[in-house]
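Student: Before we start, here is the structure in question, set down as structure tokens.
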Amino acid sequence: MAALHLARLIAVAADTIAAHAEELTALDQAIGDGDHGLNMKRGFEAVRAEADAFAAKPLPDALKAIGTKLVMTVGGASGPLFGTLFMALGKEIAADPDRKNLAAAFGKAVEAVAARGKSQIGQKTMLDVLQPVHDALAGDKTAAEIADIADAAAEATVPMKALRGRASFLGERSIGHMDAGARSTALLVRSVGQAIGESA
Ligand code: ADP
Ligand code: MG
């Protein structure tokens, strides 16, 4: 696998979240409380502020530290969930991961998010993107294909009825809107693919 330039990856992810913060806010306004864009922007700017320190660490430690930072700064329901994703990924990943290790570690991280959120696929959450991304990663899809799979998976949350998170309070009225966390997850997946592609 191409060498992972973590500082560059953080910059691309933070730029992407910043560029889409209003869109994420609008999605969360429709079926939540409208803070998801701000939550994510605050978290990823906090990670960006310490990007060099994270990048100086071995990859597993860097991911664990990023996860801890996200828990402390994103807030809401999504902060602990994204934090769990990165912390679990850091726990499972090798210092110089190949595709197989990355896929296996990502699988464990997705399981950790599901356990933390007491959620499963089909409930209109970030898991509806994380799980198909893991499946694609475990296969032989390219980074660009995986980014498209993530976008399609976020889009597929539109007709779902929310069964977890704030949107679930709306019941049937949550149908017809994309889940904000699914969208932010898809944005992050595309950022990672883009950053890895650039360093290939
Ligand atoms: P809050 O809902 O506290 O305002 P955010 O708006 O930042 O937090 O994040 C909402 C997103 O978090 C949702 O769109 C959904 O994707 C995700 N989410 C919420 N609860 C869960 C859960 N139990 N399992 C998985 N994802 C969840
Ligand atoms: Mg919210």
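Student: Which residues, taken from the stretch 147-158, are in a helix (DSSP H, G or I), of a type in the set (A, V, I, L, M) and crowded, with 16+ Cβ neighbours inside 10 Å?
Tutor: If the condition is that a residue be in a helix (DSSP H, G or I), of a type in the set (A, V, I, L, M) and crowded, with 16+ Cβ neighbours inside 10 Å, then 147, 149, 150, 153, 154 are the ones that fit.
Student: If you don't mind, there's one more thing I want to ask. With the structure loaded, tell me whether residue 118 is at positive phi, within 16 Å of ligand 2 (Cβ to nearest atom) and among the basic types (Lys, Arg) or whether it fails that test.
Tutor: no
Student: Another question about this same structure. Restricting attention to the stretch 103-116, does a residue exist that is in contact (Cβ under 8 Å) with a residue 40 or more places away in the chain and surrounded by 18 or more Cβ atoms within 10 Å (Cβ to Cβ)?
Tutor: Taking every residue of the stretch 103-116 in turn, none turns out to be in contact (Cβ under 8 Å) with a residue 40 or more places away in the chain and surrounded by 18 or more Cβ atoms within 10 Å (Cβ to Cβ).
Student: Also, I was wondering about something else. Provide a single number: the residues in the stretch 147-200 that are in contact with a Pro (Cβ under 9 Å, 6 or more places away or on another chain) and either farther than 19 Å from residue 19 by Cβ or at pLDDT below 95 (or both).
Tutor: Of the residues in the stretch 147-200, 6 are in contact with a Pro (Cβ under 9 Å, 6 or more places away or on another chain) and either farther than 19 Å from residue 19 by Cβ or at pLDDT below 95 (or both).
Student: Within the stretch 27-45, can you find the residues that are under 18 Å from residue 124 (Cβ atoms) and among the charged types (D, E, K, R)?
Tutor: 28, 33, 35
Student: Okay, moving on. Would you please name the residue that is surrounded by the most Cβ atoms within 10 Å (Cβ to Cβ), looking only at residues in the stretch 159-194 that are of a type in the set (D, E, K, R) and outside any helix (DSSP H, G or I)?
Tutor: Taking the stretch 159-194 as the starting set, the residues that turn out to be of a type in the set (D, E, K, R) are 161, 164, 166, 172-173, 179, 183, 190.
Now drop any that are not outside any helix (DSSP H, G or I), which leaves 161, 164, 179.
Values: 161: 16, 164: 18, 179: 31.
Among those residues, the one meeting the criterion is 179.
Student: Restricting the search to the stretch 119-142, which residues are assigned to a loop (DSSP other than H, G, I, E, B) and closer than 11 Å to residue 81 by Cβ?
Tutor: Selection gives 119, 125, 126.
The values are calculated or read from the model by the stated rules, or taken from the named source; none is laboratory data. Keep in mind that what you see is a predicted model, and the values were worked out from it rather than measured. Backbone-built Cβ (ideal geometry, glycine too); neighbour counts: all protein chains shown.
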